[in-house]
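Read through the structure below, which is laid out as structure tokens, and then see the notes.
Coordinate-derived values only; no laboratory data. In this text, all values refer to a predicted model and were calculated from it rather than measured experimentally. We place every Cβ from the backbone using ideal geometry, glycine too, and count neighbours over all the protein chains shown.
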Amino acid sequence: MRTRALLLAVALLGGLATPAHADESWGQDIEVMSVDDLDANRGGFSFGNLNFNFGATVTTLVNGVPALVTNITWTDVGALVDQTVGQVGQDISDMTPEQLQALGLNGLDGVGGVVIDDEAGVTALVHNVTQGSLQNIIINNATGRDLTQQVDVNLTLPGFELIQSALLVEAFGLHLADDMRSLNPGG
């Protein structure tokens, strides 16, 4: 029963997940990996006898343009993290503690993110990945800036089609049994 509940939860998560995609606004220098290459490089972990591949892409957009993208792939040895700073703003890792302090962003040295400092104001975007958590931090005193965060989750269960078919047959059987009991409540 517990395995069935776990499979159902995984199926629901898988149904809600939206695949990540490349956006032309990154420019011509970005090479998009094929689905086969992504599948070959995706990490995963095991739970019981089930093997999961799990990854997430967190994208923070400024006025519709990707400013910070973090790709996370969980494996049985931990999280693998890759971060890309877009062409909007300056990479926090390239800034000195004094530069950050001058902008009122004390304490952000050593984290992955981007700072936008222009006539509209200052915006700092941070994706901080630690063991077991992902923090999305936005510090903003700018006006007229449209900030959006998008999270794309990819959960892959090898052979899931077979598991899904078995779950559908079992659910149909349970539904049919319930219908039959309702037609013959005493029998």
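Some observations on this one:
- Theoretical FRET efficiency, 1/(1+(r/R0)^6), r = Cβ-Cβ of ASN140 and GLN101, R0 30 Å, to 0.05: 0.95
- On the basis of the beta-carbon distance and an R0 of 41 Å, ALA120 and LEU80 show a calculated FRET efficiency of 0.70.
- Each Lys or Arg adds one and each Asp or Glu subtracts one; over the other residues with Cβ under 12 Å from the Cβ of LEU103, this totals -4.
- Net +/- balance of residues flanking GLY112 in space, Cβ distance below 12 Å, scoring K and R +1, D and E -1: -4
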